Each structure stands twice: as structure tokens, then as C-alpha cells.
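Taking it in order: structure first as C-alpha cells, then the write-up.
Readers should treat all values here as calculations from the given coordinates under stated rules, not as data from a laboratory. All figures in this text were calculated on a predicted structure; none of them were measured in a lab. Methodologically, a virtual Cβ is constructed for each residue, glycine included, from the backbone with ideal geometry; neighbour enumeration extends over all protein chains shown.
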Amino acid sequence: MSARFSLLSDNRNPADVLNTTILTSPCLPNNFSGKFRFGSHKYQVGSLTNGSSFSACLKDAVNFVDKYMVDIKELSNADIYIFSYFFDRAKDAGIIDFSNPLLDHPYLGMDLTYIYALLHDGYHIRSNKGMEENMG
């Protein structure tokens, strides 16, 4: 949730955005308006007036990853097992075939873009590298 908050708040401190009218992001669906809880506070969030943009969302996610990631190039050649949050987000997006239908989730695009930036730009894992799921 910290990465999600950072993307929504343009990487500002939670106390600095408490009185902000609305936190916006190019990662949110067009015409979205809702609330987001981070820590003990709720924030009003919404889409940008000019709409969502994958390229702008990816740029924000890559900038966040570049700022906070320690470079671990060795992972690019290692076997990768996805778990927990990665698995849940991929399942919700229908990337992993599962019997449950795709859930309507306004943060799904943001979460998947962040995960992509983390794996590709943070861990230097090729976009076409296969991964194994680990359920336990």
C-alpha cells in the first residue's frame, strides 16, 4: 500500500497531503472518484481530468522504483516464483487463469503497472521471462 500511496500522492509525505482536496493519478480509470485509506487517514482520490494514461502511469511507477530500489541485476538470470500480492493482482487481472471472475478494482491498473516497473526496471527481469506461481 505504501507504493500505491506514493504514486497517488506524487511521492509526498502523508502529513503533507492531508488537506489536499483530491489525490489524482494517471493510473486510475477515467471518471473514477473514491476514497483511499493509508495508515489512519482517508484520502479522496480520483482520475485526472484529461483521463488515464498507461505511459504516464508507467513513468510514475518507474520513477518511484528508480528512487527506492537497490540495483539487483543478478535476479535477471534467476528462476522467479511469484507469490502473495503479485499472484493476487495477476489473478484479478485475468493473467492467471482462475475460476473467479475479474474483479472490478480501480487500483488494478496502478498495481499491475507498479509490479511491472518493479520486476522490469527494479529487478531487471525481461518482459518475456516466464515465472512460476507458488501457492504455499
| From the phi of every residue in the stretch 119-125, what ³J(HN,Hα) in whole Hz does the Karplus formula 6.51 cos²θ - 1.76 cosθ + 1.60 yield, where θ is phi - 60° and glycine or proline is x? | 5, 7, 8, x, 9, 6, 8
| said: Skipping prolines and chain starts, which residues have an amide H placed within reach, meaning under 5 Å, of the one on V45, given they are 5 or more residues away or on another chain? | reply: L23, G34, K35, F36
| query | If the label point is 7 Å along Cα→Cβ of S2, which residues in the stretch 34-50 have backbone nitrogen under 18 Å from it? | reply | 37-41
